[in-house]
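Every number in this text was worked out from the coordinates using simple rules, so none of it is lab data. The shown structure was predicted, so the numbers you read here are calculated from the model rather than taken from an experiment. All Cβ positions, even for glycine, are placed from backbone atoms using ideal geometry, and neighbour counts span all protein chains on display.
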């Protein structure tokens, strides 16, 4: 399988790197390449590379599937141009069920919707979209217990955004 991954493009504008989610997904795909010889992945860094480069890379790589992570930062005209290549294209949305109304419009041009929320799959199927549940995972090389000085130890810790 040849997968073409389009990053979310949703990293903070003041940072010069990908979101943690993008980095971890790319890391997982690279690991998959090492254990599954038939799997190849190419990436496109949205908002860091030009759409013309995206189209030429797709022509050269000839993927079996294009996956856009989040999809909200990928302009509609780009998605429509990608569809003209005749390659199935999917979007992986990660804010369900909180953004279903927004995602209903977002997913229209895609062939497949991947959602991290299992209860949202029936919603996408009702609007005639192929949909699967794929939970977000964690990169254990990055997110793991650490020993910290006593002043940082506590019984309760809130982590999130």
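Going 7 Å from the Cα of residue 62 along its beta-carbon direction, which residues of the stretch 70-88 have the amide nitrogen within less than 20 Å of the resulting point?
Within reach of a label on residue 62: 82-88.
At a threshold of 8 angstrom on Cα-Cα distance, excluding pairs fewer than six apart, so keeping six or more, what relative contact order does the chain reach in percent?
Values: 214 pairs, mean separation 30.3, N = 161.
Computed over the chain, the figure is 19 percent.
If you find the alpha carbon centre of the stretch 115-152 and of the stretch 24-76, how far apart are they in angstrom?
Here the answer is 20 Å between Cα centres.
Counting other beta carbons within 10 Å of each Cβ, put 67, 32, 26 in order, fewest first.
Working: 67 22, 32 14, 26 17.
Starting with the residue having the fewest Cβ neighbours, the order is 32, 26, 67.
Can you compute the label reach from residue 55? Point 7 Å from Cα along the Cβ direction, backbone N cut-off under 18 Å, restricted to the stretch 65-92.
66, 74-89
If you fit an axis through the alpha-carbon atoms of helix 20-35 and take the longest principal axis of the Cα set of the chain, what angle between them do you get, 0 to 90°, nearest 10?
Around 70 degrees separate the two axes.
Pull out a ≥ b ≥ c, the square roots of the eigenvalues of the alpha-carbon gyration tensor of the stretch 23-75, then state rounded if a/c is under 1.5, prolate if not and a/b is larger than b/c, and oblate in the remaining case. Walk me through the numbers on the way to the answer.
Values: a/c = 2.27, a/b = 1.43, b/c = 1.59.
In terms of gyration-tensor shape, oblate.
What's the angle, to the nearest 10 degrees (0 to 90), between helix 51-61's Cα axis and the longest principal axis of the chain?
Taking Cα atoms only, the helix is inclined about 80 degrees.
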